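Comments concern the structure below.
Just so you know, all these numbers are worked out from the coordinates, no wet-lab data involved. What you see is a predicted model, and the numbers here were worked out from it, not measured in a lab. Note: ideal-geometry Cβ built from the backbone for every residue, glycine included; neighbour counts use all protein chains shown.
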Amino acid sequence: DTGVSQDPRHKITKRGQNVTFRCDPISEHNRLYWYRQTLGQGPEFLTYFQNEAQLEKSRLLSDRFSAERPKGSFSTLEIQRTEQGDSAMYLCASSPGHYSNQPQHFGDGTRLSIL
Amino acid sequence: ELKVEQNPLFLSMQEGKNYTIYCNYSTTSDRLYWYRQDPGKSLESLFVLLSNGAVKQEGRLMASLDTKARLSTLHITAAVHDLSATYFCAVDMEGGGADGLTFGKGTHLIIQP
């Protein structure tokens, strides 16, 4: 049973650098979501895709954040010109789609640390 | 704006005791989710509650949903140490079960032997 896979698990970078994270959803899932989780908080929704279409991106934290899912399979989340406040766990989730009774299935996340 | 509030945020209890975690949300929604998160790990789905009056049970955990009161509860029966974790409730922003979720801040549960 292959779940949601995220890479890398940890990323340490200097302030001002660009970073990109990858997410591979469960293969039959149409919907893919990105969340950010900071210490002691619940996950915060950022954006999601239905196949290759990005259906919601108004909750991306700033214009430094962007996401793609070019072929409707894996997705990438990029943060440009990283800042200290970007340090967090970035979670990816997938689900079968609209009006499914299944929950969103989460990956193990990418922990980003900005020096 | 949808708001989800959990209480308590921190709970320390002894093995064998019962307790309830509460989840209130601010707008109508037709489904509610409970997740568990262990330290340094991702979120594990526990329950999906799809309608008013829904009740689901798995082992020592039981979840219920009252959509009229906009309230869900997670009840722990005869707690054991393995249930120590952070528990989140989450509500669908737009309905239909396929949009972004709004999470509560989580209830950090410690069960002491």
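Data overview
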| item | result |
| --- | --- |
| Cβ-derived FRET efficiency at R0 25 Å, A:Glu28 paired with A:Ala53, nearest 0.05 | 0.90 |
| Cα gyration tensor of the protein assembly as shown - equivalent ellipsoid semi-axes, whole Å, descending | 30, 21, 15 |
| Set of aspartates and glutamates with alpha-carbon distance to B:Lys56 below 17 Å, sequence-local pairs under 8 removed | B:Asp30, B:Glu44, B:Asp66 |
| Where labels lie 7 Å past Cα in the beta-carbon direction, separation of B:His75 and B:Asn18 in nm | 0.6 |
| Cα point-scatterer Debye curve for region B:30-85, base-10 log of I(q)/I(0) at q = 0.20, 0.23, 0.24 Å⁻¹ | -0.75, -0.92, -0.97 |
| For region A:29-70, the spread of Cα positions along each principal axis, largest first, Å | 32, 25, 13 |
| Test item: B:36-48 mean partner chain Cβ contacts at 10 Å | 4 |
| Number of partner chain Cβ atoms within 10 Å, mean per residue of A:43-50 | 4 |
| Sparse-neighbour loop sites [trypsin sites (Lys or Arg not before Pro); region B:33-91; at most 16 other C-beta within 10 Å; DSSP] | B:Lys41, B:Arg60, B:Lys68 |
| Unsatisfied cross-links (Cα-Cα over 27 Å) in the set A:Lys71/B:Lys105; B:Lys17/B:Lys68; B:Lys3/B:Lys68; A:Lys57/B:Lys3; A:Lys11/B:Lys3 | A:Lys71/B:Lys105; B:Lys17/B:Lys68; A:Lys11/B:Lys3 |
| Once the Cα gyration tensor of chain A is diagonalised, semi-axes √(5λ) in Å | 23, 14, 13 |
| Cβ-Cβ FRET estimate between B:Lys56 and A:Ser62, R0 fixed at 45 Å, reported to 0.05 | 0.70 |
| Label-point separation in nm, A:His10 to B:Gln112, each point 7 Å along Cα→Cβ | 3.1 |
| Candidates per GluC sites (Glu not before Pro) in region A:36-110, loop by DSSP, up to 14 other Cβ within 10 Å | A:Glu52, A:Glu83 |
| Quarter of Cα convex hull surface for chain B, i.e. mean projection, nm² | 6.5 |
| Once exposed loop trypsin sites (Lys or Arg not before Pro) are cut out (DSSP; at most 14 other Cβ, 10 Å), longest piece of chain A | A:16-56 |
| Extended-chain gain in nm, criterion 0.36 nm per residue less alpha-carbon gap, A:Asn18 and A:Gln41 | 5.8 nm |
